[in-house]
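Notes follow the structure.
The values are calculated or read from the model by the stated rules, or taken from the named source; none is laboratory data. Computed from a predicted model, the values in this text were never measured in an experiment. Reconstructed Cβ throughout: ideal geometry from the backbone, glycine too, with neighbour counts over all protein chains shown. Calculation scope for accessible area: heavy atoms of the full protein, side chains included, ligands and nucleic acids excluded. Shrake-Rupley method; radii C 1.70, N 1.55, O 1.52, S 1.80 Å.
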Amino acid sequence: FFKQTFDLALAACEKPAHPAMAAACFAVTGDDRHARAAAQLLIDAPITESGSGGYSNVWSFALAWDWLHNHPALSPALRDRAAARIADRLQSELAQLDGTYMALWHGRNQAANGAMVAALALAGLPGQKDNLRRAAGHYAEALRALEFSEGLPEGPSYWIYNRARPYALAADCFLTATGAESLAGIPIRAVMRKIGLWTLYSFGPNGIFEPYGDSGGLLRLGETGM
């Protein structure tokens with residue numbers, strides 16, 4: 001099943017959209033051309049910024065940098081350049097999160113998840129300890145909000161890529177990098193379980209997810225990545 005599913009992704013990797021996409025294809029296939037593509041994207045592709053309805057892709061650069069850290073395609077010089085780019089964007093993301101502009105369910109939680117991934121990737125570098133502390137604080141607030149709501153407030157179709165995936169990604173990175181099961185007293189696995197159960201409970205016997213919140217259309221199983 002995995003091979004059938006990933007064969008589709010591998011076809012798309014001929015023109016990878018972001019660094020983690022190419023790096024993941026390398027991890028699955030061992031084909032160095034995907035690693036070289038990821039390394040090039042780490043240097044050349046723009047690291048976007050959260051705000052004005054868009055959300056930073058810094059998490060993709062952080063994952064690719066981590067996964068390819070010791071690969072020959074990422075020479076020490078390129079590795080340092082990529083790390084500097086990620087660190088600069090992490091700083092600007094944290095600056096936004098420290099402010100009051102972004103609403104909780106419209107960007108703040110997504111930016112917090114992305115910043116957490118980036119901060120964990122760079123945690124071993126000099127000068128990153130404070131960034132890790134700041135990112136963990138914002139990430140804890142996002143987890144706390146999700147634990148309180150016990151679901152994603154605006155419905156399945158709106159949430160699946162923009163909100164649900166970053167939570168799962170950041171949670172996996174946090175658990176793997178730290179070995180800790182909780183943050184600020186919040187049990188991370190239990191919160192992730194709530195998202196999973198909420199998704200199941202919102203799925204009806206007619207094969208359609210319950211249309212509430214901002215959900216509209218694309219509510220059948222498989223149509224939005226569900």
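So which residues in region 172-189 are in a helix (DSSP H, G or I) and either in contact (Cβ under 8 Å) with a residue 24 or more places away in the chain or hydroxyl-bearing (Ser, Thr, Tyr) (or both), if there are any at all? Before the answer, list the steps.
Initial filter on region 172-189 (in a helix (DSSP H, G or I)): 172-178, 188-189.
Listed by number, the residues that qualify are 173, 174, 176, 177, 178, 188.
Only one residue in 82, 121 is under 15 Å from the mean Cα position of the chain (by Cα) and farther than 22 Å from residue 145 by Cα. Which one?
Numbers: 82 fails: under 15 Å from the mean Cα position of the chain (by Cα).
None of the others qualify; the one that does is 121.
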remark   = Across region 2-32, the tally of residues that are open to solvent by 50 Å² or more (accessible area, probe 1.4 Å), of a type in the set (A, V, I, L, M) and farther than 20 Å from residue 86 by Cβ stands at 3
query = in a helix (DSSP H, G or I), open to solvent by less than 60 Å² (accessible area, probe 1.4 Å) and under 30 Å from residue 85 (Cβ atoms) - does that describe any residue in region 193-214?
reply = no
remark   = Residue count, region 154-190, condition at pLDDT 95 or above and either in contact with a Leu (Cβ under 9 Å, 6 or more places away or on another chain) or open to solvent by 40 Å² or more (accessible area, probe 1.4 Å) (or both), comes to 19
message = Give me the residue from region 33-53 that is under 20 Å from residue 120 (Cα atoms) and hydroxyl-bearing (Ser, Thr, Tyr) and, out of that set, most open to solvent (accessible area, probe 1.4 Å).
response = 48
task = Run down 56, 60, 92 and say which single residue is assigned to a loop (DSSP other than H, G, I, E, B) and open to solvent by less than 70 Å² (accessible area, probe 1.4 Å).
result = 56
